[in-house]
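Structure record follows, encoded as structure tokens.
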Amino acid sequence: KKLGIALVGLGSYSTYQLAPALLDTEHCYLAGIVTGTPEKEGVWASKYGIPKENIYNYQNFDSIKNNPAIDVVYVVLPNSMHADFCIRAAKAGKHVICEKPMAVSVTECDAIIKACKDAGVKLGMGYRLHSEPYTQEIKKYVREKTFGNVHYITADAGYRSRSNPEQWRLNKALSGGGALMNMGVYAIQSVIYGTGENPVSVSAQEYSTQPDYFKDTDETITAQFEFESGTVGNIMTSHNIRANRLFASCDQGWYELDPASTYIPLAGRTSRGDLNFPQESQQKLQMDDFAKHILLGEPNVAPGEMGRRDMIIVEAIYKSIALGGQKIQLNIPVGYGL
Ligand code: NAD
């Protein structure tokens, strides 16, 4: 059996990444759509062969409950809408994939996790990197201590936003925050899977060089992490600096991905040579992994707890900035969300 996925929100990520990937997935397919834009209905229906009864809008979305063709609802809306639609999907008895960042607060993450638990449905994050081979390789180095202990890890995730000051990503009510909410979660993820540990504290700084464009949301943030093992970590995330990298210095060498969190192609090197893995659609691998979790009981590679863990760190970073860079203890249980 192939699971039927319904995409909620047919913006650029659904249009250019997820829907094309769903043509190649082995364990799931694009069965339905949920859109607030009536003109998209016909276009998507003919392009992907979606029957009328599998097309919903934001108002009649809850009636998806009665549609056995839809097994999974994938929420690909602006961040502040994730919690509402994930919870409604769970209440409709559908498994849920939630795009990153999971929500705009830990409280909302708690509500999503609870709704999925109460409904007995599975919850996965749209963290595509956990299904692609370069990231798997880094996780393997950590597990097997291939390069010994990690002493220092640094990760950057940023791009230059220039096109449209009106976009939702720069509107705090819709995004929950700027670069940190958008790209920062990748940098946070990198320092965690690059060390295999959750950080125990964070101190952070914010930089603003173009306040006229970044009126409402953070432009550039740096943050430093301490880990129980003694590893030191650092991230930079920005809507005004182009950078995408993970680098770890260990007692027996180093490893690096650059780029580390973009779509394919990714690239990487270690102190022992270049990495060279197949460049398959990350979104295809990710959605098939989630379908295999449901159908075959394979591990959930990016569970809701992982999205919540990252939101704990995001909130602590904003808190540190508000307190002038003060060190914030994180109190994340050992192993939580890993
Ligand atoms: P987008 O702006 O291209 O699309 C957003 C969609 O939401 C549009 O279809 C729009 O019509 C709809 N929408 C509904 N209400 C809206 C409102 N009030 N304001 C604006 N749009 C509204 O955004 P996107 O790039 O597709 O991002 C959607 C989600 O996917 C975000 O949470 C983003 O972080 C995530 N995303 C993840 C990745 C990834 O690699 N995992 C990549 C891109 C985006």
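Where a number appears in this text, it was derived from the coordinates with a stated rule and is not lab data. The shown structure was predicted, so the numbers you read here are calculated from the model rather than taken from an experiment. FYI the Cβ positions are ideal-geometry reconstructions off the backbone, even for glycines, and counts take in every protein chain you see.
Shape annotation for segment 1-104: C-alpha extents along the principal axes are 33, 28, 28 Å, from largest to smallest. Listed cross-link partners Lys145/Lys284; Lys40/Lys172; Lys145/Lys172; Lys47/Lys122; Lys47/Lys215 are compared with a 31 Å cut-off, the Cα-Cα value being larger for Lys145/Lys172; Lys47/Lys215. GNM remark for the chain: springs join alpha carbons under 10 Å apart, and the peak mean-square fluctuation among Gln59, Gln17, Gln224 falls on Gln59.
For the chain, modelled as a GNM whose springs connect Cα atoms under 10 angstrom apart, the maximal fluctuation among Gln136, Gln282, Gln189 occurs at Gln136. Using a simple spin-label model with pseudo-atoms 7 Å out from Cα toward Cβ, Gln136 and Tyr58 lie 3.8 nm apart. Volume of the convex hull of segment 104-198 (Cα atoms only), normalised per residue: 144 Å³.
For segment 123-155, trypsin sites (Lys or Arg not before Pro) meeting the loop criterion (DSSP other than H, G, I, E, B) and having at most 14 other Cβ atoms within 10 Å: Lys145. A Cβ-based charge dipole, computed about the Cα centre of the chain with Lys and Arg at +1 and Asp and Glu at -1, lands at about 420 debye. Taking the centroid of alpha carbons for each part, segment 164-226 and segment 273-330 are 15 Å apart. Couplings for segment 23-32, taken from phi via the Karplus curve 6.51 cos²θ - 1.76 cosθ + 1.60 with θ = phi - 60°, read 7, 10, 5, 9, 10, 8, 8, 7, 9, x Hz in order; Gly and Pro are left as x. Bridgeable lysines around Lys117 (alpha carbons under 20 Å apart, same-chain partners fewer than 8 residues away excluded): Lys65, Lys91, Lys94, Lys100, Lys292. Projected over all directions and averaged, the alpha-carbon convex hull of segment 129-329 occupies 11.9 nm².
When the Cα convex hull of the chain is projected onto planes of every orientation, the mean area is 16.6 nm². Residues of segment 108-147 with amide nitrogen under 19 Å from the 7 Å Cα-to-Cβ point of Arg272? Counting backbone N atoms under 19 Å from the label point, the list is 133-147.
Cβ-Cβ distance of Thr146 and Glu228, R₀ of 25 Å, FRET efficiency by 1/(1 + (r/R0)^6): the value works out to about 0.75.
Basic side chains Lys and Arg get +1 at the Cβ, acidic Asp and Glu get -1 at the Cβ, and with that the dipole of segment 48-165 about its Cα centre reaches some 140 debye.
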